[in-house]
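Here is the structure we will look at.
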Amino acid sequence: MMEKEIYGKARDIAEEVGNELIKVAGFAGKAALKTAATAGKVAYKGALKGIDKLGQMDSRDLVKLGCTVACAAALPIFLTAPGRADRRQKEPFRNRNFAHRGLHSRDRSVPENSLKAFELAAEAGYGIELDVQLSRDGQVVVFHDDTLNRVCGVDARVDELTYAELQELRLLDTEEKIPLFSEVLAVVRGRGPLIVELKNGRSNRELCEKTYEMIRKYNGEVCIESFNPMIVAWFRFHAGSFLRGLLSAPESEYEGTTSKFTAFLLSKGLVNFICRPQFIAYKIGRRPASINLSIALGAMNVGWTSHEIRNEKGRDAVIFEFYRPKLIYRRRKRSL
């Protein structure tokens, strides 16, 4: 068989594998197809070298090798490929700085996730990042931790207390209370885009449904994110008009919260096929190659939590705290 024909078969098989994976993943971009075809070409060239040296491989072996390499090259794309987002979805969040849990202060006089912190951020014109979860009686409250120990000095979980009981508590020894999500929306009033993180809990579906109902009626720009890919997947299939993102971090950040294997998958973005996030919000620092692949394939690059302006470099959006950056910045060279 002629070399040209061998290469053609290897390329065709590689492209077919790539196409099938794209269909399964629901990812319609051309990047996966091109990568798979390139992998077939590389396999072909490598196989020819093997033939020259060993003289043991026939054309059928070459085609099999090309198919194997193409599959191996396409698998990371299938696992990490992001969802597609149009310009309308991305624009309100691109090149924006988002105040982490509101514009709270280092000295704790303005506590995190408080109405005062959200008012200050909205007044300044910043985007805002905040956290939502459910109280025992199903109210959507704004609070970050699973437990109340650090912020309220109470040894209990948020979802163990009713909203009325939570209202008896104070944030970081101030007069600020744990707010309802509806109260935060009323305070912000569309004065800046919101990144709403849905916390993983005991009633995730209920949290998704109730959060969606509120942001659907809200007159402002909102996107959602979560560390739990199943929560992000809920929005993928039930609220596709909202930009969605997957939070991620190095494996060490998951210690004590999940198994080592799950931590590995989450930290490397190898669960993207479940929810097809349109942005990746990764902890600022060096990112693994698989996360960079997802960004190269089109995921917006969001960094958390920034403490200095230089972290804007190469990112589509930044979640910051304890300094005052520009509201909107000019995106420069990609950051690793």
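Taken together, Asn95, Asn113 contain a single residue that is touching a Pro at 6+ places or on another chain (Cβ under 8 Å), in the same structural domain as Leu265 (by TED's automatic domain parsing) and not aliphatic (A, V, I, L, M), which is Asn113. Would you call Ala249 over 25 Å from Gly190 (Cβ atoms) and surrounded by fewer than 22 Cβ atoms within 10 Å (Cβ to Cβ)? For Ala249, the condition - over 25 Å from Gly190 (Cβ atoms) and surrounded by fewer than 22 Cβ atoms within 10 Å (Cβ to Cβ) - is met.
Quick test for you: out of Glu225, Glu251, Glu255, pick the one residue that is charged (D, E, K, R), more than 18 Å from Ile319 (Cβ to Cβ) and modelled with pLDDT of 95 or more. Answer to the selection: Glu251.
The set of residues in the stretch 99-119 being over 25 Å from the mean Cα position of the chain (by Cα), closer than 19 Å to Val318 by Cα and not hydroxyl-bearing (Ser, Thr, Tyr) consists of Arg106 alone. Checking each residue in the stretch 273-312 for being part of a helix (DSSP H, G or I), small (Gly, Ala, Ser) and more than 20 Å from Tyr254 (Cβ to Cβ) picks out only Ala296. For the stretch 137-181, filtered to residues that are hydroxyl-bearing (Ser, Thr, Tyr) and surrounded by fewer than 16 Cβ atoms within 10 Å (Cβ to Cβ), the residue that is nearest to Gln89 (Cα to Cα) is Thr147.
Applying the condition of being of a type in the set (D, E, K, R) and in a loop (DSSP other than H, G, I, E, B) to the stretch 186-210 and asking which residue is modelled with the lowest pLDDT yields Arg202.
Residues that are outside any loop (DSSP other than H, G, I, E, B) and within 18 Å of Gln89 (Cβ to Cβ) within the stretch 211-230 comprise Thr211, Tyr212, Ile215, Arg216, Val222, Cys223, Ile224, Glu225, Ser226, listed in sequence order.
Taking the criterion of being over 13 Å from the mean Cα position of the chain (by Cα) and under 23 Å from Glu129 (Cα atoms), would at least one residue in the stretch 255-272 satisfy it? The answer is yes; a qualifying residue exists. Specify the residue that is farthest from Tyr218 (Cα to Cα); the eligible residues are those in the stretch 131-187 that are in contact (Cβ under 8 Å) with a residue 40 or more places away in the chain and of a type in the set (Gly, Ala, Ser). For the stretch 131-187, the residue satisfying everything is Gly138.
The values are calculated or read from the model by the stated rules, or taken from the named source; none is laboratory data. What you see is a predicted model, and the numbers here were worked out from it, not measured in a lab. As a convention, Cβ positions derive from the backbone with ideal geometry for all residues, glycine included, and neighbour counts pool all protein chains shown.
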